[in-house]
Protein chains: 2
Amino acid sequence: MRTGGAVTLIDVAKAAGVSKTTASDALRGSGRVSESTRSHVVRTAQRLGYAPNPSARSLRGAGTGAVGLHVPDILARSEYYMSFLLGVVDEAAAVDHDVTLITARHLSPRGTLRRVDGVVLADPLSTDPVVAELMRADAPVVTCERFTGGTAPAGAVLGDHREALWRLLDRLRSAGARRPVLMAPNAATDWGATLQRAFRDHCRETGTGGVLHELPFGVPPAEVRARVKELLAADPAVDALLCGPDGSAQAALPAVYEAGRTPGADLLLAACVDAAGLAQSAPPVTAVDLHPREAGAACARLLFDLLSGTAPPGTVRRMECTLVERASTRELRRPA
Amino acid sequence: MRTGGAVTLIDVAKAAGVSKTTASDALRGSGRVSESTRSHVVRTAQRLGYAPNPSARSLRGAGTGAVGLHVPDILARSEYYMSFLLGVVDEAAAVDHDVTLITARHLSPRGTLRRVDGVVLADPLSTDPVVAELMRADAPVVTCERFTGGTAPAGAVLGDHREALWRLLDRLRSAGARRPVLMAPNAATDWGATLQRAFRDHCRETGTGGVLHELPFGVPPAEVRARVKELLAADPAVDALLCGPDGSAQAALPAVYEAGRTPGADLLLAACVDAAGLAQSAPPVTAVDLHPREAGAACARLLFDLLSGTAPPGTVRRMECTLVERASTRELRRPA
DNA sequence: ATGAAAGCGCTAACAT
DNA sequence: ATGTTAGCGCTTTCAT
């Protein structure tokens, strides 16, 4: 595209019988031209099928018209991440911006970010080299959850994970659980660290003998499964299983059955990340809905506010997470 | 970024004591400059942290350095699509290109594509307006699977879905199934249409009384579940269930149990799209691995070959799909 | 083997 | 209210 017969601003200006500047101003509605010429130019542009050349525009000094989104490999299978991505795209499109994907291979060899005005990072791993690189670059960064690696991003959107987990743990306790296990996400993310802390605090406050079992990021389902069976075999008193990382609950469910336990009956089961499958499994699994699409949108919105100066650097915005109660945590029935 | 102190070609040229042109040629290795000056300029550029400005480059006439990828909303939950996307990004990054996400809201109001040299479409729905728009634009399009909407794309990557389904149906038959049901993906995609055709043909050739049940795209799990139960109740003779759309097998599994049937025993179960969960469910579910990441990479590679003229317009490339046999199709045991 | 200069399409000063 | 001009950083003739 764009090569060959592309219609330029000059074409429009000539056809409308005005100057480049007037055409430009008319098209962007800068309020410099009279209403009559404006509409005339706009109509001409439409008739000619004019589309502004973004490269020229960005070369001239405006932004690049695109924001970056880091896509860590680990998250390839994460339903959460796909929704998050759509949220970012939604919001970017609303202000006529592109979304450019950034992966490990995508950093320019010379270490400079290409073609983006800013970057959104979902759940940045403090150990991810791409993240480190991105934080070092001079484009503003908005993270979903805090970045635990030192440098502070220009903005952040934070979920109330502590509160959500607290509510969930309260629920488990009132359903009868006394020995919950948290298969906690790695503390390399703020989310994982928050969950671990909240779990410990809740156990202490309620005098519960909870067990914390950390799961590195990107554990394959088979591994989750093996760990669950191991855990349950090693400690038969466990009466509630909380699955942290996205997808781990789906992997844990069959393992629970295989361990001879019945989720929702003699073992309560819950997930820290809701997913479509959890509502449909047998039994349906209680989960925290992180509202990923809205989270993505919120991050993008914050980034644009930062870029336009509407929000000051360092802005932090909050988001609510929702506890979705399903059959898997209804009530604990102790074996006779 | 890029604003403020960005190092430009002129800076490098000055620092190296050569002209803009020489610097440019040296950095791109156009073979115009002597080896000694070339290495000198390159070193200078490195020292200064120079990164070429893509906007300027693309303004000057080269491509935009980015390819588009259409992300239909429907696919938000598709593991397949997320992997496909990573494949595209991999390949694009390998030739130093960006990947720009395109959604419904993203088409410029004037119908012209922005900032991309070409577009990749995974499994284009003939009914998707964005797809129609994209096909109409003048950027080359590569589709994964055929586009059934009339216009031919510049290139296509095709899986051997007919063969794969055939193998699967053979397997089911030799495992004892005589009344298979295909919950077929909508015929609005080439993939869906191919699967439906293959199923009908196989049934005819083997004299099997198969049932075709079309599932529109993006059916929520609850709906899949309801349909499965309905199907199984209405026709108790059904002894094999084939799930088409990504995710439908996961939704179907609990429904099968609820219908009083035992998958892998008195009902064979299989999926047309493999997913992480299927290997871990109880029982593990036989599926066709579409190799999404490689498919994405293949599409991107084809697009770049098209853009560079290495491949002629109209090129079609093939990909193999793999049948992954698991416990759910081992052998049919008819109830006594 | 290297330079000089012309522009790609656009916007922002500076004029009217 | 509108027109003129000067670049943004780069590649590409055309000269040396």
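Just a few scattered comments:
- Inter-copy label distances at A:Thr315, shortest first and taken from points set 7 Å along Cα to Cβ: 4.6 nm.
- A:Thr315 sits among other residues whose Cβ lies under 12 Å from its own Cβ, and their net charge, with Lys and Arg +1 and Asp and Glu -1, is +2.
- Distance from the Cα centroid of the range A:116-187 to that of the range B:292-314 is 37 Å (rounded to whole angstrom).
- When you count the other C-beta atoms within 10 angstrom of each residue and take the mean per peptide, B:284-296, B:11-23 line up highest first as B:284-296, B:11-23.
- The calculated FRET efficiency for A:Ala265 paired with A:Ala222, based on their beta-carbon distance and R0 = 30 Å, is about 0.75.
- Shielding of A:49-59 by partner chains, average beta-carbon count, 10 Å: 6
- Inter-chain Cβ neighbour average for residues B:93-99, partner chain, 10 Å: 5
- Number of partner chain Cβ atoms within 10 Å, mean per residue of A:61-68: 3
- The modelled label-to-label distance for the pair B:Thr206/B:Val95, using points 7 Å beyond Cα in the direction of Cβ, is 4.1 nm.
- Remark: relative contact order (chain B) = 18 percent; criterion is Cα-Cα distance under 8 angstrom and separation of 6 or more residues.
- All other residues whose Cβ lies under 15 angstrom from that of A:Ala187 are scored, Lys and Arg at +1 and Asp and Glu at -1, for a net of -2.
- Top of B:Ala45, B:Ala279, B:Ala93 by mean-square fluctuation, Gaussian network on chain B, Cα under 10 Å: B:Ala45
- Label-to-label distance for B:Thr315 and B:Arg197 is 2.5 nm, based on points extended 7 Å past Cα in the beta-carbon direction.
- DSSP beta bridges in the protein assembly as shown [antiparallel fraction, %, rounded to 5]: 10 percent
- Where a label projected 7 Å from the Cα of A:Arg28 along Cα→Cβ would reach, residues of the range A:306-329 with amide N under 20 Å: A:306-310
- Projected label points at B:Ala152 and B:Lys20, each 7 Å from Cα along the beta carbon direction, are separated by 4.4 nanometres.
- Counted by Cβ distance under 10 Å from A:Ser248, the other residues give a net charge of 0, where Lys and Arg count +1 and Asp and Glu count -1.
The numbers here are math on the coordinates, done by the rules we state, and not lab data. All figures in this text were calculated on a predicted structure; none of them were measured in a lab. Note: ideal-geometry Cβ built from the backbone for every residue, glycine included; neighbour counts use all protein chains shown.
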